[in-house]
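Colleague: Supplied in structure tokens, the structure appears directly below.
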Amino acid sequence: QLENGWSKFDRQNDGFVDAFPTMDVIARFINDPKIEEQCNVKYEHIQQFGIWHCPVVAQRDIVAGEELFVSYGSRYWSEQEKLMVDETL
């Protein structure tokens with residue numbers, strides 16, 4: 001269960017973070033470029049006092065105004081493909 005009380009699970013029944021209910025977290029606007037070499041930030045996974053945090057960490061110097069890109073991971077995209085198939089049925 002997330003700190004905000006939301007309980008989210010993917011098809012493998014282990015947790016993932018859904019940024020939808022956290023409109024105040026600007027990291028929710030970081031996109032996946034689908035080209036790994038374009039990623040310039042990553043998420044760290046840190047647990048403090050039983051609460052998980054995912055700070056954004058630069059992988060290189062970031063130029064002012066540059067868009068941030070992070071890899072969502074192959075599992076994210078495979079889940080998206082499954083959801084699209086489910087919607088067409």
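Colleague: Please identify the pairs in which a residue from the range 65-89 that is at negative phi has its Cβ atom under 7 Å from the Cβ atom of a residue that is open to solvent by 80 Å² or more (accessible area, probe 1.4 Å) and at pLDDT 70 or above, counting only partners at least 6 apart or on another chain.
Modeller: Phe69/Gln38; Val70/Lys42; Ser71/Glu36
Colleague: Also, quick follow-up: Any residue in the range 15-30 that's assigned to a strand (DSSP E or B): show its pairings with residues that are open to solvent by less than 70 Å² (accessible area, probe 1.4 Å) and at pLDDT below 70 at Cβ separation under 7 Å, as long as the two are six or more apart or on different chains.
Modeller: That search, which allows pairs on different chains as well, returns Gly15/Lys8.
Colleague: Out of (1) open to solvent by 60 Å² or more (accessible area, probe 1.4 Å); (2) modelled with pLDDT of 80 or more, the odd one out for Asn4 is which?
Modeller: That leaves (2) as the condition not met.
Yes/no matrix, rows are residues, columns are (1) loosely packed, with under 13 Cβ neighbours inside 10 Å; (2) in contact with a Leu (Cβ under 9 Å, 6 or more places away or on another chain); (3) under 16 Å from Arg28 (Cβ atoms); (4) modelled with pLDDT of 75 or more:
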residue: Gln47; (1), (2), (3), (4): yes, no, no, yes
residue: Gly50; (1), (2), (3), (4): yes, no, no, yes
residue: Val56; (1), (2), (3), (4): no, yes, yes, yes
residue: Ala64; (1), (2), (3), (4): yes, no, no, yes
residue: Glu67; (1), (2), (3), (4): yes, no, yes, yes
residue: Met84; (1), (2), (3), (4): yes, no, no, no
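The values are calculated or read from the model by the stated rules, or taken from the named source; none is laboratory data. Just so we're clear, the structure is a prediction, and the values are computed from it rather than from any experiment. Neighbour counts are summed over all protein chains in view; Cβ atoms, including those assigned to glycine, are modelled from backbone coordinates with ideal geometry. Keep in mind that these areas ignore ligands, DNA and RNA; they rest on the heavy atoms of the full protein, side chains included. Shrake-Rupley method; radii C 1.70, N 1.55, O 1.52, S 1.80 Å.
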